[in-house]
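Peer 1: Below: one structure in structure tokens.
The values are calculated or read from the model by the stated rules, or taken from the named source; none is laboratory data. Quick caveat, the model's predicted, so the values are computed rather than measured. Note: ideal-geometry Cβ built from the backbone for every residue, glycine included; neighbour counts use all protein chains shown. Note: areas computed on protein heavy atoms with side chains; ligands, DNA, RNA excluded. Shrake-Rupley method; radii C 1.70, N 1.55, O 1.52, S 1.80 Å.
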Amino acid sequence: MAVFENLLPKPHNTIILDLLFDLASWHAYAKLRMHTTDTLDFLDTATIILGQSVRKFYRTTCNHYYTTELPDEYAARGHREAALAAKQNPVSATPGKRKAGPKHKSLNISTYKFHVLGDYANTIRQRGMTDNYTTQPVCFILTITPVLFS
């Protein structure tokens, strides 16, 4: 992955390259169109390795760098806060008043998105690939039900 080589100093660059490789491997196994018992076992192993890589990245690289929200995110937050202030108290709302700079942002691995990675292989074993079924009929029934019974 020549594009990502030597972007950061030595220990962090190695961690990022390993993480990118593990993410690509996991993604390749997860998106196979046809799974066998062996490929699902490989997906289980790739999930374990990915979890270890993410935690290593979180413990070392994330703690080494101070990251903040992007300028667009900072501006959008300012617009939301100004609109909220104007809506709550239109008389005292001053458009140029901001408290601080961009907020500190860090990787949050305590989210549902990371939690369910371990269930992916078992879900495929039980229900098949995720492109074999859809939740659209359920959503359609839920949206049309109030119309039918009103």
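Peer 1: Cβ-Cβ below 9 Å, separation at least six or inter-chain, first residue in the stretch 100-124 and among the aliphatic types (A, V, I, L, M), second open to solvent by less than 50 Å² (accessible area, probe 1.4 Å) and not in a helix (DSSP H, G or I): which pairs?
Peer 2: ALA121/HIS35; ILE124/HIS35
Peer 1: Would you tally the residues in the stretch 70-105 being open to solvent by 70 Å² or more (accessible area, probe 1.4 Å), of a type in the set (A, V, I, L, M) and at pLDDT 85 or above?
Peer 2: 2
Peer 1: If you don't mind, there's one more thing I want to ask. Tell me, please, whether a residue that is out of contact with any strand residue (DSSP E or B) (no Cβ under 6 Å at 6 or more places or on another chain), open to solvent by 80 Å² or more (accessible area, probe 1.4 Å), at pLDDT 90 or above and farther than 17 Å from PHE114 by Cβ can be found in the stretch 50-64.
Peer 2: Checked against the condition, which is being out of contact with any strand residue (DSSP E or B) (no Cβ under 6 Å at 6 or more places or on another chain), open to solvent by 80 Å² or more (accessible area, probe 1.4 Å), at pLDDT 90 or above and farther than 17 Å from PHE114 by Cβ, the stretch 50-64 yields at least one hit.
Peer 1: Output yes when any residue across the stretch 17-37 is over 22 Å from ALA121 (Cβ atoms), within 22 Å of the chain's Cα centre (by Cα), modelled with pLDDT under 95 and of a type outside the set (Asp, Glu), and no when none is.
Peer 2: yes
Peer 1: When the stretch 36-49 is examined, which residues are found to be surrounded by fewer than 16 Cβ atoms within 10 Å (Cβ to Cβ) and of a type in the set (A, V, I, L, M, F, W, C)?
Peer 2: Across the stretch 36-49, the qualifying residues are ILE48, ILE49.
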